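Working notes, beginning with the structure itself.
The values are calculated or read from the model by the stated rules, or taken from the named source; none is laboratory data. Note that the coordinates shown come from a computational prediction; the quantities given were computed from them, not determined experimentally. Methodologically, a virtual Cβ is constructed for each residue, glycine included, from the backbone with ideal geometry; neighbour enumeration extends over all protein chains shown. Calculation scope for accessible area: heavy atoms of the full protein, side chains included, ligands and nucleic acids excluded. Shrake-Rupley method; radii C 1.70, N 1.55, O 1.52, S 1.80 Å.
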Amino acid sequence: MAGLLAQTDRRAAYGGLALGATSLAEVAELAKLRPPAAAAAPQKLTDGRIAAFDCEKRTYTLLDDTFRLAVQAEVNVSGRGSGDGAGSYCRHGRLTSIPGKAEVCSRVLAVVKDSLEPGVTCSEAKVNAICGAWFDDWVSPCRALVDEGLSRGNESGTTFERV
């Protein structure tokens with residue numbers, strides 16, 4: 001999430017949406033962005049599940065629970081209060097390695113799994129990007145999610161969904 005908001009245009013677009021902008025024109029005006037940036041930034045916020053786009057109304061809205069879910073994921077990974085050791089595998093909201101101990105690995109992978117929307121089939125590229133946001137070697141969490149039965153892919157491996 002910090003990566004999504006690290007770029008000035010995206011922070012400005014977020015601010016515009018927070019101030020009530022819903023259309024690209026309103027985002028551009030409130031955020032003082034040029035049209036190309038005003039179009040790209042909300043799309044990136046939508047891709048990162050900080051905002052949502054209503055295709056019928058052609059409007060953007062901020063997702064209210066994004067930051068709450070991010071904090072919840074951090075607490076789950078860090079194991080605050082539980083002393084399960086999962087926190088030693090996470091630094092700055094990213095995995096440093098995939099735990100070898102099955103119990104700890106399950107806890108960490110459950111948080112990664114929560115990054116996939118339930119009931120939504122994702123392209124391989126999207127799942128790779130989500131896993132890459134957690135870990136530089138995105139193949140490892142992708143494979144571990146399938147191996148642990150937390151996600152499944154189609155026969156060709158081109159789409160995946162959360163289990």
Out of all the residues in the stretch 90-114, which are buried (at least 18 other Cβ atoms within 10 Å of the Cβ) and part of a loop (DSSP other than H, G, I, E, B)? ILE98, PRO99
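Counting only residues that are of a type in the set (Val, Ile, Thr) and within 14 Å of SER115 (Cα to Cα), which one in the stretch 127-145 is most open to solvent (accessible area, probe 1.4 Å)? Talk me through it step by step, then tell me what you get.
Step one: list which residues in the stretch 127-145 are of a type in the set (Val, Ile, Thr), which gives 127, 130, 139.
With within 14 Å of SER115 (Cα to Cα) added as a condition, the list becomes 127, 130.
Details: VAL127: 9, ILE130: 24 Å².
Ranking the qualifying residues of the stretch 127-145, first place goes to ILE130.
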